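This is the structure I have questions about; it appears just below.
Every number in this text was worked out from the coordinates using simple rules, so none of it is lab data. The model shown is predicted, which means the values in this text are computed figures rather than measured ones. For neighbour counting, all protein chains shown are included, and Cβ atoms are generated from backbone atoms with ideal geometry for every residue, glycine included.
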Amino acid sequence: MKKEVLAGAAILLLLVLAAVNVSGVNAVTDQVSGLVRDACDRAADGDWASALACAERAVSVMDRHSTYLHMVLRHDEFDAVYDALEELAGCLQSRDTDAAAAQGRIARTRLASAAQRESVTLGSVF
Amino acid sequence: MAISIIRTIIIFTAIAVAMRIMGKRQLGQLEPSELVVAVLISDLASHPLQDVGTPLLYGLVPVIVLLCLQILLSGAMLKSVRLRHLLCGSPSVIIHNGRIVQSEMRKNRLTIDELQEELRKKDVTDLAAVRYAIVETDGSMSVLLYPEHGPVTPAQMGLHPADGGLPLVLINDGRLIGENLQSLGKDRAWLEQTLRKHGLSGVQGTFLLTVNEQGELYTAPMEAER
């Protein structure tokens with residue numbers, strides 16, 4: 001009986017940790033996605049310095065959470081987001097508005113995809 | 001490569017612990033749900049080993065969940081006969097009072113050749129000698145012979161052989177099993193004296209020492225390593 005109780009408790013704990021993980025991944029991806037959107041908006045307004053600062057903050061958020069994200073996301077997914085953010089920073093440095101907007105969209109799409117993979121939806125389950 | 005090595009050690013340890021927790025059944029005697037779990041665990045655990053880009057948690061978490069589900073299911077089957085029958089099925093009597101039950105053979109998709117093969121594995125070559133043959137839920141076959149075809153027992157011959165009981169291992173590969181010595185009611189002095197009497201050079205010089213309830217010993221000295 002004791003083993004069964006422990007097994008049930010372990011499953012419940014895993015479910016709780018999974019919920020916490022979903023929340024954690026969403027928090028990081030939302031924050032990074034927000035910074036990317038800000039960077040693209042500021043670039044569109046011609047404020048390149050502040051746009052670049054936003055992009056670099058987005059990269060630094062990914063760096064700060066890289067150990068956790070590497071544990072819960074596929075490494076190539078994490079790398080794809082990171083690469084998109086680096087490309088965005090590069091476009092902002094070279095003051096290419098169209099390229100920056102495109103890279104921003106790519107980065108946000110990849111962030112959304114990574115977040116959705118951890119979310120419980122019919123699409124992700126099946 | 002270092003990552004692969006570390007992951008392999010972690011996954012191997014996790015699976016060994018999981019199998020240990022699941023219980024003592026040998027692979028061939030697993031119920032259907034247990035077999036599914038065993039196969040799934042090995043497959044799931046291999047993904048992070050084959051692809052270092054896959055997080056280790058993608059292998060470990062499903063293994064833990066499967067283990068917990070199997071424990072819960074086993075516990076539920078202990079409590080519920082109906083659930084046990086639903087998941088494990090019931091034994092099928094293939095031969096009943098010497099008569100082959102053909103409907104049960106069809107239900108189990110068992111051919112005559114397979115029936116004879118299973119009987120031969122039980123050292124039975126004559127179908128007429130079989131009173132009952134039962135296919136158990138794990139797929140193995142149990143056979144009960146007619147008394148006149150079975151091996152003779154001492155009781156049938158009116159004999160009363162001495163009962164040696166279950167031998168206790170006192171020394172295993174040069175290591176003393178203290179609790180077994182204690183349960184015999186003996187002490188270290190008795191052990192040393194016994195070893196000397198049998199020409200053994202102490203605990204570390206003994207590979208195996210067992211004693212049964214009649215006090216009969218089995219000894220095997222340690223061989224020198226080449």
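What whole-number distance in Å separates the alpha-carbon centres of the stretch B:187-226 and the stretch B:1-18?
Between the Cα centre of the stretch B:187-226 and that of the stretch B:1-18, the gap is 39 Å.
Go through the stretch B:1-108 and name the trypsin sites (Lys or Arg not before Pro) that are in a DSSP coil and have 15 or fewer other Cβ atoms within 10 Å of their Cβ. If you can, show how the numbers build up before the last one.
Working: sites: B:7, B:20, B:24, B:25, B:79, B:82, B:84, B:99, B:106, B:107; in loops: B:24, B:25.
When the trypsin sites (Lys or Arg not before Pro) of the stretch B:1-108 are filtered for loop state and at most 15 Cβ neighbours within 10 Å, B:24, B:25 remain.
Under a crude label model (7 Å from the Cα following the beta-carbon direction), how far is residue A:60 from residue B:17 in nanometres?
The two pseudo-label positions are separated by 3.9 nm.
Just to confirm my numbers, what's the Cα centroid distance between the stretch A:66-114 and the stretch B:48-90 in Å?
For the stretch A:66-114 versus the stretch B:48-90, the Cα centre distance is 38 Å.
Rounded to the nearest 0.05, what FRET efficiency is calculated for residue B:177 and residue A:18 with R0 set to 35 Å and r the Cβ-Cβ distance? List each step's numbers first, then the result.
Numbers: r = 45 Å, r/R0 = 1.28.
It comes to 0.20.
With loop defined by DSSP as not H, G, I, E or B, and exposure as at most 10 other Cβ atoms within 10 Å, which is the longest segment of chain B clear of exposed GluC sites (Glu not before Pro)?
Working: sites that count: B:223, B:225.
With GluC sites (Glu not before Pro) excluded where exposed in loops, chain B gives B:1-222 as its longest stretch.
While we're here: Order of A:18-28, A:72-82 by packing, highest average Cβ count within 10 Å first?
On the way: A:18-28: 14.8, A:72-82: 17.9.
Going by the mean number of other Cβ atoms within 10 Å, highest first, we get A:72-82, A:18-28.
Give the calculated FRET efficiency between residue A:44 and residue A:3 to the nearest 0.05, with a Förster radius of 51 Å applied to their Cβ-Cβ distance.
Values: r = 60 Å, r/R0 = 1.18.
E(calc), rounded to 0.05, equals 0.25.
Just want to confirm a number: the relative contact order over chain A, from Cα pairs under 8 angstrom separated by 6+ residues, in percent.
Numbers: 104 pairs, mean separation 35.0, N = 126.
Here the relative contact order equals 28 percent.
Further question: If R₀ is 51 angstrom, what is the calculated FRET efficiency for the pair residue A:75 and residue B:160, using the beta carbon separation as r and rounding to 0.05?
Details: r = 72 Å, r/R0 = 1.41.
Computed FRET efficiency for residue A:75 and residue B:160: 0.10.
On average, how many beta carbons from a partner chain sit within 10 Å of the beta carbon of a residue in A:4-14?
5
Tell me the label-point distance for the pair residue B:213, residue A:101, using the 7 Å Cα-to-Cβ offset, in nm and rounded to one decimal.
Result: 9.1 nm between the two label points.
Can you tell me the order of A:106-114, B:151-159, B:200-208 when each peptide is scored by its average per-residue count of other Cβ atoms within 10 angstrom, highest first?
Numbers: A:106-114: 19.4, B:151-159: 8.4, B:200-208: 15.6.
Averaged packing, sorted descending, gives the order A:106-114, B:200-208, B:151-159.
Could you calculate the contour length gain from residue B:125 to residue B:5, that is, 0.36 nm times the residue separation minus the distance between their Cα atoms, to one decimal place in nm? Working shown, then result.
Working: separation 120, 0.36 × 120 = 43.20 nm, distance 5.13 nm.
Stretched out fully, the residue B:125 to residue B:5 stretch lengthens by 38.1 nm.
Can I ask one more? Using only alpha carbon pairs under 8 Å that are at least six residues apart, calculate the relative contact order of chain B and give it in whole percent.
Details: 237 pairs, mean separation 29.3, N = 226.
This gives 13 percent for chain B.
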